Amino acid sequence: MGRRFIVILATIAVMAPCVWTQDLALKGGTILTITDGTIKNGTVVIQNGKITAVGKDIKIPRGIKVIDVTGKYIMPGVIDSHSHIGLTDINEATDPVTPQIWMWEALEPGADSIRKTLAGGVTTVKTMHGSANVIGGVNVTIKLRYDRMVEELIIPGVRQQLKMALGENPKRLYGSKGRSPSTRMGNAYVARKAFIEAKEYKAKWDKYNKDKASGKKDLTPPKKDLRMETLKMVLEKKLSIDCHAYRADEIVWIINFCKEFDIDLMQLSHCIDGYKVADIMAEAGIFYGGWVDWWGFKEEAYDGCPYGMQIMHDAGVKIVINSDSPVEGRYLFRMAAKVLKYTDIPENEALKMITLNPAQSLELGDRIGSLEKGKDGDIAVFDKHPLDTTTKCLMTIIEGEIFFDYTKESITAKGGSR
């Protein structure tokens, strides 16, 4: 197990899965590029999994399969940067600090939740450890290649994110067991103690490696600790952080905590009170990941406000709409439509919340999230504008391959793991 852990990142980075791609052209639809406006009666060409042309009057190369989508809408594949799909085990609720847990080792490619999520135009998700622990497990970013081998789902070369959680969840769970943390102060103590230990662990290994490189003999390496190995990766910026937090005071606390230890906080999930400290979040460059109109379901969610997205948007916070669910991801385009109900945020900015913004929160903005030449051919096709409350997804395409086709009411699968 120890050896396997040591090579995890290297293994994921060099994975060369056998991925089926198809040269494909979508012709005649209204293209919502996200970054370069709307193109009516346009064409998108995908070759070898990448977009090679987007626009009007595009010459389609000979031999490419052409799908007529006249009257339909073409947009980038939807991205959910906080999901729990494809996992039957979510929380390792045995200790408040479990960074040694890697969610890709529990990923089920044939899970029905993946199949259903494809039906909502979703192509990429970060599927995650839950919020039982102050420091949970390492999340995994995948493309929804339903029923393929695990390595075909995991996106290679992506910096994964460690799950952390503050507030009621960890303190309620461990407080009920009569152990720390049982308070918010306890949450802070547990997090700080773990990272202080990780810094000390890293210092030992740094000294050992330096001594070894200098040619010193008879050296004994420090003992490997799988929990500390993961936190060491965070300190070395090989992993970043996604933190579950609701209240404004905790939002500010985790931003300052990450500055204290010089670690990278990418997204704050749930973040109900984000609008109260929008200026602080914007200055820190933290992505808001949450919902439009879920609030009041527990004490720390009482101050939820759907107009809060307007406040955060105006302050310059990048907003991401998440599902936080094994089932709700297929409705993210409807959640984006709710933004228009409560705010004056433009349509394209609402669409960014389920495309480009989550792509950037996953550090994948150069590959997915918009329809541009050179990006992955991940596309969702809708029968009406995706923010129309009566629309439905007709087709979900991942790197040129059709994984959901409404007319067939089935998922295309080759090979697979079951």
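Scanning region 340-362 for residues that are touching a strand residue (DSSP E or B) at 6+ places or on another chain (Cβ under 8 Å) and outside any helix (DSSP H, G or I), which turns out surrounded by the fewest Cβ atoms within 10 Å (Cβ to Cβ)? That would be M353. Restricting to region 49-106, count the residues that are assigned to a loop (DSSP other than H, G, I, E, B), among the hydrophobic types (A, V, I, L, M, F, W, C) and closer than 30 Å to R334 by Cβ. So the answer is 3. In the set D249, D225, D262, only one residue is of a type in the set (D, E), surrounded by fewer than 24 Cβ atoms within 10 Å (Cβ to Cβ) and in contact with a helix residue (DSSP H, G or I) (Cβ under 7 Å, 6 or more places away or on another chain); that residue is D225. Give me the residue from region 367-401 that is among the β-branched types (V, I, T) and touching a Leu at 6+ places or on another chain (Cβ under 8 Å) and, out of that set, nearest to G71 (Cα to Cα). Ranking the candidates gives V381 first.
Applying the criterion of being at pLDDT below 90 and charged (D, E, K, R) to the residues of region 1-45, the residue that is farthest from the chain's Cα centre (by Cα) is R3. How many residues does region 107-155 hold that are assigned to a strand (DSSP E or B), among the β-branched types (V, I, T) and surrounded by fewer than 23 Cβ atoms within 10 Å (Cβ to Cβ)? So the answer is 1.
So that you can scan it fast, the table gives a plain yes or no per residue for (1) in contact with a Cys (Cβ under 8 Å, 6 or more places away or on another chain); (2) of a type in the set (D, E, K, R); (3) touching a residue at least 60 places away in the same chain (Cβ under 8 Å); (4) assigned to a helix (DSSP H, G or I):
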{"position": "P170", "(1), (2), (3), (4)": "no, no, yes, yes"}
{"position": "S180", "(1), (2), (3), (4)": "no, no, yes, no"}
{"position": "Y189", "(1), (2), (3), (4)": "no, no, no, yes"}
{"position": "F195", "(1), (2), (3), (4)": "no, no, yes, yes"}
{"position": "A203", "(1), (2), (3), (4)": "no, no, no, yes"}
{"position": "D206", "(1), (2), (3), (4)": "no, yes, no, yes"}
{"position": "K212", "(1), (2), (3), (4)": "no, yes, no, yes"}
{"position": "L219", "(1), (2), (3), (4)": "no, no, no, no"}
{"position": "D249", "(1), (2), (3), (4)": "no, yes, no, yes"}
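Pairs are defined by a Cβ separation below 9 Å, a sequence spacing of at least 6 or placement on different chains, a first member in region 254-265 that is without any contact (Cβ under 8 Å) to a residue 24 or more places away in the chain and within 10 Å of I241 (Cα to Cα), and a second member that is of a type in the set (G, A, S) and surrounded by fewer than 20 Cβ atoms within 10 Å (Cβ to Cβ); the pairs so defined are C258/A284. Take the residues in region 265-289 that are crowded, with 20+ Cβ neighbours inside 10 Å and assigned to a loop (DSSP other than H, G, I, E, B), then tell me which one is modelled with the highest pLDDT. Among residues in region 265-289 that are crowded, with 20+ Cβ neighbours inside 10 Å and assigned to a loop (DSSP other than H, G, I, E, B), the one modelled with the highest pLDDT is I286.
When region 34-64 is filtered for residues that are surrounded by 14 or more Cβ atoms within 10 Å (Cβ to Cβ) and in contact with a Ser or Thr (Cβ under 6 Å, 6 or more places away or on another chain), the ones remaining, listed by number, are I34, T35, V45, G49, I58.
Scan region 408-418 and give yes if some residue there is buried (at least 16 other Cβ atoms within 10 Å of the Cβ), outside any loop (DSSP other than H, G, I, E, B) and small (G, A, S), otherwise no. The answer is no, given that none of the residues of region 408-418 is buried (at least 16 other Cβ atoms within 10 Å of the Cβ), outside any loop (DSSP other than H, G, I, E, B) and small (G, A, S). Contact annotation: residue pairs with Cβ atoms under 7 Å, 6 or more positions apart or on different chains, pairing a residue in region 90-108 that is over 16 Å from I241 (Cα atoms) with a partner that is among the acidic types (D, E), are A106/D89.
Taking the criterion of being of a type in the set (A, V, I, L, M), buried (at least 24 other Cβ atoms within 10 Å of the Cβ) and part of a loop (DSSP other than H, G, I, E, B), the residues of region 363-388 that qualify are I368, L371.
Taken as a whole, the condition of being in contact (Cβ under 8 Å) with a residue 24 or more places away in the chain, assigned to a strand (DSSP E or B) and not polar (S, T, N, Q) does not apply to I311.
Being in a loop (DSSP other than H, G, I, E, B), touching a Leu at 6+ places or on another chain (Cβ under 9 Å), of a type outside the set (K, R) and crowded, with 16+ Cβ neighbours inside 10 Å is a property that holds for P326. For region 173-186, state whether one or more residues are under 19 Å from H82 (Cα atoms) and crowded, with 17+ Cβ neighbours inside 10 Å. No, region 173-186 contains no residue that is under 19 Å from H82 (Cα atoms) and crowded, with 17+ Cβ neighbours inside 10 Å.
A single member of Y307, Y288 is touching a Gly at 6+ places or on another chain (Cβ under 6 Å) and either more than 18 Å from V190 (Cβ to Cβ) or aromatic (F, W, Y) (or both), and it is Y288.
Mind checking whether some residue in region 194-211 is at pLDDT 95 or above and touching a Phe, Trp or Tyr at 6+ places or on another chain (Cβ under 8 Å)? Yes - at least one qualifying residue is present in region 194-211. Only one of the listed residues (D293, D218, D324) is modelled with pLDDT under 95 and within 18 Å of E349 (Cα to Cα). That residue is D293.
The values are calculated or read from the model by the stated rules, or taken from the named source; none is laboratory data. Remember, it's a predicted structure, so these values are computed and weren't measured experimentally. Neighbour counts run over all protein chains shown; Cβ positions are idealised from the backbone, glycine included.
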